[in-house]
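Taking it in order: structure first as C-alpha cells, then the write-up.
Computed from the coordinates by the stated procedures, all read-outs in this text should not be read as laboratory data. Because the structure is a prediction, the values reported are computed rather than measured. Cβ coordinates were reconstructed from backbone atoms using ideal geometry, including for glycine residues, and neighbour counts include every protein chain displayed.
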Amino acid sequence: MTVKGRPDGFFVPRPMEYSDSNKQKMSQAKCCSPNLKARDIIFIGVLAFAYFSKSLTGAYTKSTITQIERRFEIPSSTVGIIDGSFEMGNLLVITVVSYFGAKFHRPKIIGAGVLLMGIGTLLMALPHFIMGRYKYDTAATHTNDADNFTVISTCSSDTQNTVQQLISGCQKGEEESSPTWVIVLLGNIIRGIGEASIGPLGMSFIDDYAHPENSAFYIGCLHTLGVIGPIFGYTLGSLCASLYVDIGLVNQETITPQDSRWVGAWWLGYVVSGLLTLLAALPLWFLPRALPENHQTSELDYPSNQNKHTPSITEIAKDFGPSLKRLLTNKIYLLYLVSNVVAFNAFAIFITYTPKYLEQQFGQSATKTNFLIGLTSIPPVALGMFLSGWIMKRFKLDLLGSARMSFFTAISALFLTIPYFALSCENIDVAGVTVPYQGSVEVQNINSDLLTSCNAGCGCSDFQWDPVCGQNGVTYISPCHAGCNSTRGTGWNMVNNYL
C-alpha cells in the first residue's frame, strides 16, 4: 500500500510486489479467513496497552514537577530540563529508528522500545532509595519518640546556637543529596529513546496490514487510549501526592499535604507505571513480523516468503541519505513541521508548569491540583478530537478545509488564554516579606528585613520556614520572629505565647 506524501523508506516499508497468481489466491483466501479480524484486534490491543502506559507515565511525570523540585531543592529551570530530557532522548534516535526499524521485525523493535521505557521509568524512582529521609524546614526537632516534638525556635537567649546547629546539619544533608536528580534526568532520556519506536513503527504497521476501512478506526483507538492514559496518570499523581515521600515516617499532626513544605511519594508512581510498562512490552515480543491477509500458509505461498529481496544493512544505509533529502526538501512537510514545533512548544510549557502555577498562584495542594488537571484538562482534549473528526466527516473537509479549521481553532485558543493574565490571588500577609510589622519599628539589616524592635534580640534565623498565624491575620515565618517565648500543645494544635 502506497501512501502519498510519505517518502519511501520513512515510517512505512516499500510496497511489495505480488504476482497475478498470488493476488488471486489472496483474494480467495480473504473471504475464508475468520481469524483475520481477531489477529488485527490482538495487535491493536497490545499496541494500545503500550500507548496507554506511555501516556500514563508522561502525565504522571508532569504531575510530579513541583514534588521533584522541592525534594531535590533545584530551581524551576533545572526541572524544565529534566522534563524536556524525554524529547531530547527521543530526537536522538527517532529518525534512525523510524527508517531502519521499518525494514526489520517491527513488533519486536516496538517491544524493545517499550522495555527500554519501563527500565527508564524505574530508574527515575531510584534516587528515593539511595537518598536519606526527607527533612523539611521546621522550628521543631524530633526527640527519641517520633511522635514528640520539642520547639526550639522561640525567642530566648540560647536560640541562636541551637538554630545554627540545625542549619549546619541541613546544609550537609542537602549537599549530599542534590546531585541525585541527574539519575531522574538519565531515566527520562532513556524513556524518550524507548518511545521513539512506538509511534512511527506502530502506525506504519497498522497502515500496512489492516484493511483500509479499518485502519483509520484502529489509529483512532490508539489516540483515544493516548488521551485516557493521562487521566489515570494525573489521578495516580494526585494519590501519590497525598502520601508522604517517606511513607509511614511522618506525623501528620506536624505537616499535612496543604503545607508548602510537603513532598509527596513522587517515586511511587514511577514504580507503578514502570512495572506496567514492562508488562506492556512482553506481548509485543510474541507477535509475528507481518500480519498476512490470510492464515492458510499451506495453500498460499505468501510473497513475503518468496520473490522478495531482503536488503542488507549496507543497502538500507545507502538509501537513508536520499530519503532524508526528499523529506527535508518537501516544502509542505517543512511548513507542517514548523507549525507543529510552535504548537507543541506552547502545549509543553502549558501542561508542564500548570500544576506549579495552580499551587503557587491559588494556594492549592499538589493532590488537589493534579486531580483538577486530570478532571478538567484531559476530557476536553478527547471531546475536541471527537468533534474535529465528526466535523471533517460531516462537512467532507478536504486538505485545505482541514487547514482552515486548524487555523481557526488555534486562533480561538490564543484569545481564550488572554484572560489568564487577569486571574490571580492576593499575596498572603507575611510580616517582613509582603507587609511590614505592625506597631513596630523596622530594624535595618543588610541581610534581612525580618527583624524589628520586638524580635531583634531573639537570635532568630532567617533560614527556617515554620510559619505561625497571628491573631491580627498576619503570618510570621517562625514563632521566634513573632516574638513568642513559649508554646503549649503539639502539631497543628500548638499555641504560641507572645512576649
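Beta carbons within 10 angstrom, averaged per residue: use that to sort the peptides 339-345, 267-273, 241-247, 421-427, highest first.
Going from most to least packed, we get 267-273, 241-247, 339-345, 421-427.
Could you please rank T409, T61, placing first whichever residue has the fewest other Cβ atoms within 10 Å of its Cβ?
Ascending Cβ contact count within 10 Å gives the list T409, T61.
Starting from 0.36 nm per residue, how many nanometres of slack lie between E73 and F347 once their C-alpha separation is accounted for?
96.1 nm
Under a 5 Å amide H to amide H cut-off, with H placed in plane at 1.01 Å, what residues pair with I255 once short-range neighbours are removed?
Close amide H contacts, sequence-distant or interchain: none at all.
Quick query: amide H of T452 versus all other amide H atoms, modeled in the peptide plane; which residues come in under 5 Å with a sequence gap of 5 or more or a different chain?
Under 5 Å from the amide H of T452: V443.
In the structure shown, do any of K108/K356; K135/K356; K103/K325; K54/K356; K331/K396 have a Cα-Cα gap over 27 Å, and if so which?
K108/K356
Quick one: Kirkwood hydrodynamic radius for segment 237-278, alpha-carbon pairs, angstrom, one decimal?
It works out to 10.9 Å.
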